[in-house]
Amino acid sequence: MKIRIVGLAHRLGSTVIEAEAIEQHFNRDPGTIAALSGVSRLHRIAEHEDLVILSREACLDALSRAGIDRSQVTGIFTSCNPTTDYLIPSLAPLVAQKLDITHVLAINIGMGCAGGVQALQAAYNQCVVDSHNGKTSYYLVVAGDHTSRMLDKESWKTAILFSDGVSAAVVTNDERAQGGFLIEQVRSETYAGESVDVINLPNCLALGPDTKRSEILLHMRGRGVFEFGTRIAPRVKELTGFSNFDDCYIIPHQANIRMLNELIPNLGINEDQLYRDGITRIGNISGAACFLGLEDAERRGLTDSAKHILLCAFGAELQVAVAILRRG
């Protein structure tokens, strides 16, 4: 049984905000943002754009690159925070509608930074079941967010970090498929515990009528988030089962340049084994980050010499997710 990713594509919000503009707004010295997070610019969805439409466009590109027609799609797994125009329906059926696809599996899986890999896990697991049932399947995995909708524009903590956009992947168990990336394993877990809400988005429906808008936006307890991020290396080792990462190219969620740099000594790898260009060139794009990194790294030949490619995501809900891939 071979399950693989055969197509990747993305869309970013078209509005670009340079780090210098954010520093000027908050009266910070030039270079402050790069030193803290690594970010040089952020992408935001413009007024004339829509996350669902961007998702549709990314899906069509991914299908085209995979040589798959929309009529062959058997399901859609998405991951999205509640940043579309609706809490109900979720992103998956909305994308199905825009693709003019009906009577297919359409489920939103998880949320936050690990959500994209968890949606991949769901698609992988479904492909395994389908193979056992003698069914050939093609699933779209879509991870994206209009994150800027959740942010307090006057909060320095979040204003310097998050971008808007979406990534799409085509996953199949078709034994005739070639190329792309073979999926060897996908696993995830949550730390849970008392700090599970260290990143939280209050439900406006659960609050009183006099609630201020600032109370229903994204909240992050910065130190707690950073401490969680710097402690994930042991969990990555446990989830992958690898004793070392000598033959790996690692594409982590692009959380923060300092968190990413911590992975180098903690995983015992060289700098050229770790993808960090996402945070510097795009910003933290939540659940789409690993797929965007995979697409970019493949295009630039960064994965050519690696036996394995490791996607590693961690974030909201204290979730950690890993996917072990190899070139198909």
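No value in this document is a laboratory result; all are computed from the given coordinates. Computed from a predicted structure; not experimentally measured. Backbone-built Cβ (ideal geometry, glycine too); neighbour counts: all protein chains shown.
Quick notes
- Relative to the Cα centre, the charge distribution of the chain, modelled as +1 at Lys and Arg Cβ and -1 at Asp and Glu Cβ, gives a dipole magnitude of about 400 debye.
- Placing dummy labels 7 Å off each Cα toward the beta-carbon, the span from Asn125 to Met220 is 2.8 nm.
- Residues Leu87, Leu63, Leu292, Leu325, sorted so that the one with the fewest Cβ neighbours within 10 Å comes first: Leu87, Leu63, Leu325, Leu292
- Ordering Thr230, Pro265, Val171 by the projection of their Cα atoms onto the charge dipole of the chain, which places +1 on the Cβ of Lys and Arg and -1 on the Cβ of Asp and Glu, puts Val171 at the extreme positive end.
- Highest average packing first - 208-217, 294-303, Cβ atoms within 10 Å: 294-303, 208-217
- For the chain, calculated [θ]222 nm from helices alone, where every DSSP H run of n ≥ 4 adds -39500 (n - 2.57): -9000 deg cm²/dmol
- Put simply, the amide H of Ala106, placed in the peptide plane, has neighbours under 5 Å in Ile76, leaving out anything fewer than 5 places away on its chain.
- Förster radius 41 Å - calculated FRET efficiency between Glu18 and Asp197, Cβ distance, rounded to 0.05: 0.80
- Among 135-147, 15-27, the peptide with the highest mean count of other Cβ atoms within 10 Å heads the list, and the full ranking is 135-147, 15-27.
- Gyration tensor verdict on the chain (Cα atoms; rounded if a/c is under 1.5, prolate if a/b is larger than b/c, oblate otherwise): oblate
- Charge tally in the Cβ shell below 14 Å around Gly110, where Lys, Arg are +1 and Asp, Glu are -1, Gly110 excluded: -2
- In this simple spin-label model, placing a label point 7 Å from the Cα along the Cα-to-Cβ direction at both Asn261 and Asp210 gives a separation of 4.7 nm.
- Centre separation in Å (Cα based) which lies between the range 270-328 and the range 39-59: 20 Å
- Zone of Arg281's modelled label, taken as backbone nitrogen in the range 33-71 under 13 Å from a point 7 Å along Cα→Cβ: 40-41
- Residues whose amide H falls under 5 Å from that of Thr15, counting only those 5 or more places apart or on a different chain, are Arg44, Ala46, with hydrogens built in the peptide plane.
- The distance linking the range 183-199 with the range 90-138 is 20 Å (Cα centroid to Cα centroid, whole angstrom).
- For Glu184, the amide hydrogen comes within under 5 Å of the amide hydrogens of Ile324, Leu325, Arg326, counting only partners 5 or more places away or on other chains and with H modelled in the peptide plane.
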